[in-house]
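Accompanying notes for the structure given below.
The values are calculated or read from the model by the stated rules, or taken from the named source; none is laboratory data. The structure displayed is predicted, hence computed values, not measured ones. Cβ coordinates were reconstructed from backbone atoms using ideal geometry, including for glycine residues, and neighbour counts include every protein chain displayed. Just so you know, the surface numbers come from the protein's heavy atoms only, side chains and all, with ligands and any DNA or RNA stripped out. Shrake-Rupley method; radii C 1.70, N 1.55, O 1.52, S 1.80 Å.
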Amino acid sequence: MALLSIENLKANINGTEILHGLNLTVNAGEVHAIMGPNGSGKSTLASVLAGKEDYEVTEGKVEFDGKDLLDMSPEDRAREGLFLAFQYPVEIPGVSNANFIKTSVNEIRKYRGIEPLDAMDFLQLMREKAKLVEIEQSFLSRSVNEGFSGGEKKRNEIFQMAMLEPKLAILDETDSGLDIDALRIVSGGVNKLRNPNNAFVVITHYQRLLNYIVPDFVHVLVDGKIVKTGGKELALKLEEQGYDWVKDHIDEL
Amino acid sequence: MENTTIKYDFKEYVKSQFEKLQSTLNGSVGSELNLLRKNAFDKFFLSGLPTLKSENWKYTNLAFLNKLSFTDSYSNVDLSKLETSKLFYNSLKSHKIYLINGKLDENLSSNFNSVNGLKIEYFENISINGVGDYANYYGKLTSMSEHPFANINTALADNLLVVNISPGVIIEDILQIININISNEGALLTNPRILVISGKSSSAKIVENNYTLGDFPVVRNLVKEFYLEENAHLNYYKIQDDSNNSHLFDFTHAEQKRDSHLDEAAISINGKFVRNDLRSTLDGENIESHYYGIFIVGANDFVDNHTFVDHAKPNSYSNENYRGVAFDKGTGVFNGKIMVRRDAQKTNAYQSNKNVLLSDSATINTKPELEIYADDVKCSHGATSGSIDKTSMFYLRQRGIEKKVAERLLLFAFVNEVVNEIKIEQLRELIDLRIEEKLLNI
């Protein structure tokens with residue numbers, strides 16, 4: 001059974017349809033890259049899957065681990081194991097990173113009927129995962145993303161992902177704007193978390209990321225639909241030829 | 001024992017109390033203090049209770065005062081059932097002063113002889129006995145006579161608590177003033193009166209707590225006069241976390257001399273009705289006034305903060321930061337006036353009031369008022385009222401956090417930014433516990 005299966009997904013925002021019948025299947029153990037020009041619907045797909053209320057789904061079906069994803073609240077989707085690394089992580093003044101992640105971890109554990117982590121175990125876990133994305137202890141006591149640099153925000157997303165160990169992680173342009181050091185740290189974190197039981201959907205604008213996170217499949221999203229799917233070599237071709245090449249060849253594909 | 005429950009309107013009730021007091025005075029009727037009292041009463045009685053038509057009371061409905069049946073005998077209070085250990089903020093490490101229905105309780109209060117440079121003085125039957133050396137301070141701030149409830153207090157207050165911090169003294173320990181009101185047999189009006197004198201270059205931290213005990217509604221009409229002499233530092237934190245039948249009028253006026261520094265906070269967590277009038281006269285250079293406030297108001301409750309910062313001289317600084325959360329049918333009001341007089345060049349005056357509304361039936365009224373007559377000043381004000389930020393909510397929920405929990409987390413952080421300005425760690429912790437509890441009801 002597929003971990004994620006999307007069939008004919010149509011979604012709009014404020015009455016404008018962005019996704020025009022999208023199909024995608026992701027199995028455990030796989031990494032899928034979704035590439036596409038600006039405005040093609042990449043971030044909309046991420047938002048719809050995570051349950052952002054601004055979007056309205058008008059048609060189609062999404063199953064996540066055998067359950068109807070679209071029927072769930074955003075928090076239940078997260079508790080079922082879906083994680084979105086935000087393109088623009090939100091600043092939350094007055095809530096410390098540590099308190100935020102502790103609340104998050106324990107809310108998810110509660111949903112799954114597991115005892116909450118006590119303070120000691122939590123600290124231990126936090127230290128271990130913080131190393132993964134090379135973040136310092138002081139970072140954890142700061143307010144969530146407040147005053148963080150772009151790179152720090154993205155590392156924080158990957159840190160949270162490491163803490164929550166989702167079944168499916170959607171990385172929404174996590175690489176955009178990162179310098180090469182931050183990119184190495186972020187992708188290194190992802191690679192260490194890859195295993196046969198989880199999967200990643202990596203949304204990106206740039207082929208560069210895929211040198212670090214090597215995908216099993218590359219999908220090209222144009223105008224709200226996946227128009228081409230291939231292996232990692234497709235990303236290279238896109239980088240060379242640009243998206244116009246795909247658009248020009250849609251009819252033949 | 002008297003046992004009369006009176007049911008006229010509030011104004012008549014005040015009159016009856018005033019006349020009753022006057023009838024006990026005999027030869028002291030003409031004392032200076034009693035003249036002050038009479039003037040205050042006349043002023044109140046002439047104009048009566050303010051209505052929604054008067055500018056300073058347009059959001060403050062006082063109709064409840066005419067619905068309460070006030071008891072006439074509140075001196076006989078049974079204290080045997082009072083367990084001070086059960087008062088929530090009593091665990092705060094502090095020297096304690098207990099005012100029970102406005103009267104000092106010496107048995108409960110700490111012994112202050114041991115605190116060097118701190119004089120706690122208490123005057124009873126002040127119409128007859130006067131207020132000693134404090135006559136130069138008592139009721140001398142003109143704003144008093146312009147305010148209806150300050151006038152009621154001056155007309156009826158018969159006891160005075162003085163906290164006098166000697167010049168040059170730094171009081172390390174925290175002083176806690178505990179206002180307890182108990183009525184055994186009907187609604188109660190009390191008029192506690194507090195005078196704080198911060199001597200030159202002194203420093204002190206005072207925490208005020210308000211508790212209404214018993215089953216009957218209480219109207220606590222509290223008046224405080226602060227005098228901060230040159231270079232004095234005073235931190236005064238009032239905690240308004242009272243029972244559901246408490247009604248509080250708090251009138252505080254601080255007169256500040258040069259180089260003095262006031263930190264005032266109003267932490268309104270629970271209570272049926274709160275009206276705070278806070279004002280500072282910045283009568284010198286290099287003065288700082290910081291006003292902080294939070295309120296979390298639900299049910300049918302009401303919290304109103306009226307502030308007035310009066311910059312009279314150059315080179316001073318004032319800053320106001322108030323944050324409110326209104327839910328259910330709760331109402332919050334903020335009215336902040338900043339006056340910068342012609343001489344007060346190089347004034348820095350800032351004001352911020354941010355509010356979160358959680359239901360359609362909750363109300364926030366916020367209004368900044370700036371009157372600036374000097375031309376070289378920096379003033380800013382900002383007021384916002386809105387719902388919880390949707391983007392933040394989505395972010396938290398995407399991390400598996402239940403909607404309600406996420407809301408509470410964001411609200412807690414929102415008000416806590418102001419709580420963090422309180423310079424007593426243990427007090428912050430106690431306040432945080434109560435805020436968390438209160439937010440559970442949202």
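Figures for the structure shown
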quantity	calculated
Test: residue in the range B:373-388 that is among the hydroxyl-bearing types (S, T, Y), within 14 Å of chain A (Cβ to nearest Cβ) and part of a helix (DSSP H, G or I)	no
A:R142 being open to solvent by 30 Å² or more (accessible area, probe 1.4 Å) and more than 14 Å from chain B (Cβ to nearest Cβ)	no
Failed item in (1) within 19 Å of A:A169 (Cβ to Cβ); (2) touching a Gly at 6+ places or on another chain (Cβ under 6 Å), with A:N195 passing the rest	(2)
Some residue of the range B:142-160 being touching an Asp or Glu at 6+ places or on another chain (Cβ under 9 Å), free of Cβ contacts under 8 Å to residues at least 60 places away in the same chain and surrounded by 23 or more Cβ atoms within 10 Å (Cβ to Cβ)	yes
Cβ-Cβ under 6 Å pairs, at least 6 apart or on other chains, the range B:333-353 side closer than 15 Å to B:D283 by Cα, far side surrounded by 20 or more Cβ atoms within 10 Å (Cβ to Cβ) and of a type in the set (D, E)	B:M339/B:D310
Scope the range A:97-110; condition more than 17 Å from B:T391 (Cα to Cα) and at the interface with another protein chain (Cβ under 7 Å from one of its Cβ atoms); matching residues	A:T103, A:E107, A:I108
Check on B:T51, assigned to a loop (DSSP other than H, G, I, E, B), open to solvent by less than 20 Å² (accessible area, probe 1.4 Å) and out of contact with any His (no Cβ under 7 Å at 6 or more places or on another chain)	no
Residue identified as within 25 Å of B:L439 (Cβ to Cβ), crowded, with 20+ Cβ neighbours inside 10 Å and more than 14 Å from chain A (Cβ to nearest Cβ) among B:F302, B:F394	B:F302
Count of the range B:320-352 residues which are more than 18 Å from the chain's Cα centre (by Cα) and either assigned to a strand (DSSP E or B) or of a type in the set (F, W, Y) (or both)	11
Search result, residues across the range A:3-20 that are out of contact with any Phe, Trp or Tyr (no Cβ under 9 Å at 6 or more places or on another chain) and open to solvent by 10 Å² or more (accessible area, probe 1.4 Å)	A:E7, A:N8, A:K10, A:N14, A:G15, A:T16, A:E17, A:H20
Residue count, the range A:4-30 (criterion: of a type in the set (D, E) and not in a loop (DSSP other than H, G, I, E, B))	2
Residues (more than 11 Å from chain B (Cβ to nearest Cβ), closer than 20 Å to A:L171 by Cα and either in a strand (DSSP E or B) or open to solvent by less than 20 Å² (accessible area, probe 1.4 Å) (or both)) located in the range A:56-96	A:V62, A:E63, A:F64, A:L69
Residues satisfying the stated conditions in the range B:357-372, i.e. assigned to a loop (DSSP other than H, G, I, E, B) and either within 14 Å of another protein chain (Cβ to nearest Cβ) or within 21 Å of B:N56 (Cα to Cα) (or both)	B:A362
Residues of the range B:398-429 that turn out to be hydrophobic (A, V, I, L, M, F, W, C), out of contact with any Asp or Glu (no Cβ under 9 Å at 6 or more places or on another chain) and more than 16 Å from A:I92 (Cα to Cα), as a count	2
Sole exception among (1) more than 30 Å from B:L234 (Cα to Cα); (2) in a helix (DSSP H, G or I); (3) facing chain A (nearest Cβ under 7 Å) for B:A413, by number	(1)
Odd one out for A:I114 among (1) within 14 Å of another protein chain (Cβ to nearest Cβ); (2) in contact (Cβ under 8 Å) with a residue 24 or more places away in the chain; (3) open to solvent by 50 Å² or more (accessible area, probe 1.4 Å)	(2)
Among (1) within 14 Å of chain A (Cβ to nearest Cβ); (2) modelled with pLDDT under 95, the one test that B:G400 misses	(2)
Tally, over the range B:90-135, of residues that are part of a loop (DSSP other than H, G, I, E, B), open to solvent by 50 Å² or more (accessible area, probe 1.4 Å) and among the aliphatic types (A, V, I, L, M)	1
Test: residue in the range A:202-221 that is of a type outside the set (V, I, T) and farther than 26 Å from A:A28 by Cα	no
Odd one out for B:E421 among (1) in contact (Cβ under 8 Å) with a residue 40 or more places away in the chain; (2) assigned to a strand (DSSP E or B); (3) surrounded by fewer than 21 Cβ atoms within 10 Å (Cβ to Cβ)	(2)
Residue under evaluation B:K354, criteria (1) open to solvent by 60 Å² or more (accessible area, probe 1.4 Å); (2) more than 10 Å from chain A (Cβ to nearest Cβ); (3) farther than 19 Å from B:F327 by Cα, criterion not met	(3)
Residue list for the range A:34-55, filter: open to solvent by 20 Å² or more (accessible area, probe 1.4 Å), within 14 Å of another protein chain (Cβ to nearest Cβ) and in contact with a strand residue (DSSP E or B) (Cβ under 8 Å, 6 or more places away or on another chain)	A:S43, A:D54, A:Y55
Unique match (being in contact with a Pro (Cβ under 6 Å, 6 or more places away or on another chain) and without any contact (Cβ under 8 Å) to a residue 60 or more places away in the chain) among A:G39, A:G51	A:G51
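Table: residues versus (1) touching a His at 6+ places or on another chain (Cβ under 8 Å); (2) open to solvent by 10 Å² or more (accessible area, probe 1.4 Å); (3) at pLDDT 95 or above.
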| residue | (1), (2), (3) |
| --- | --- |
| A:G150 | no, yes, no |
| A:R155 | no, yes, no |
| A:M161 | no, no, yes |
| A:K167 | no, yes, yes |
| A:I170 | no, no, yes |
| A:T174 | no, no, no |
| A:D179 | no, yes, no |
| A:L183 | no, no, no |
| A:V186 | no, no, no |
